[in-house]
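The values are calculated or read from the model by the stated rules, or taken from the named source; none is laboratory data. These figures come from a predicted structure and were not determined experimentally. So basically every Cβ, Gly included, is an ideal-geometry build from the backbone, and we count neighbours across all protein chains shown.
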Amino acid sequence: MKTKFISLLAILLGLILIIFPILGFIGVSSLIGLSVLLMSIYLLVVGVSIIDYNARGAILDLILGMLLLFLSIGLIFNPALLGFLSEITLYLAGIMLIIVSVASLINNRNSRYGFYVGIAGIILGLLYIIIGTYLSNPIILGALIGIWLVINGVLKLMDS
């Protein structure tokens, strides 16, 4: 039951990220902040749900979720923070996606598709950094995190 809820949550948040940037009414800092906020919500839910059987992984997910939550709130409500972190923000989001994916690899070792979720996240995190370096289009960058969430949700649904 928990796994299906988390999978559907990941798919829903991913689809929101893929669809939401198309609207184009939000600035870069808010869009990146929204992407990071949705990733932090997912990590916090996963951390709480796996605490019964994987305490280390849950603590890692909860710490990452809280860090991403603070970062996202700062980006959404303080546009000057993006100016201050403009060069670092794109790399930071990609690096955080890679770190979250490595945590996913560690947490889902026993899962049938856990390896693929982690590898997909690492590849998308690297793409995020590469695309962010050459093309800082928030629609593409937000969609990459959305794609990772959808892949994560679908593979978790297939695993249960």
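Computed values, structure above
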item: Options VAL45, VAL102: the member that is under 22 Å from LEU15 (Cβ atoms) and either aromatic (Phe, Trp, Tyr) or part of a helix (DSSP H, G or I) (or both); result: VAL45
item: Of the criteria (1) among the hydrophobic types (A, V, I, L, M, F, W, C); (2) at pLDDT below 85; (3) farther than 20 Å from ILE139 by Cα, which one VAL45 fails; result: (2)
item: Qualifying residue in region 111-121 (condition: within 11 Å of the chain's Cα centre (by Cα), in a helix (DSSP H, G or I) and closer than 19 Å to ASP159 by Cβ); result: yes
item: Single residue of region 26-38 satisfying the filter (within 16 Å of LEU15 (Cα to Cα) and modelled with pLDDT under 80) that is surrounded by the most Cβ atoms within 10 Å (Cβ to Cβ); result: ILE32
item: Region 87-110 - residue that is closer than 16 Å to ILE147 by Cβ and among the small types (Gly, Ala, Ser) and, of those, farthest from the chain's Cα centre (by Cα); result: SER104
item: Filter pass, ILE59 being at pLDDT 90 or above, farther than 19 Å from GLY121 by Cα and assigned to a helix (DSSP H, G or I); result: yes
item: Qualifying residues in region 109-125 (those that are free of Cβ contacts under 8 Å to residues at least 24 places away in the same chain and surrounded by fewer than 18 Cβ atoms within 10 Å (Cβ to Cβ)) - the one nearest to ILE140 (Cα to Cα); result: ILE123
item: Among the residues listed as LEU13, LEU17, the single one being within 25 Å of LEU155 (Cα to Cα), modelled with pLDDT under 90, in contact with a Ser or Thr (Cβ under 7 Å, 6 or more places away or on another chain) and in a helix (DSSP H, G or I); result: LEU17
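Rundown of residues vs (1) surrounded by 21 or more Cβ atoms within 10 Å (Cβ to Cβ); (2) at pLDDT 80 or above; (3) over 21 Å from ASP159 (Cβ atoms); (4) among the hydroxyl-bearing types (Ser, Thr, Tyr), yes/no style:
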site	(1), (2), (3), (4)
SER40	yes, yes, yes, yes
LEU67	no, yes, yes, no
GLY83	no, no, yes, no
MET96	yes, yes, yes, no
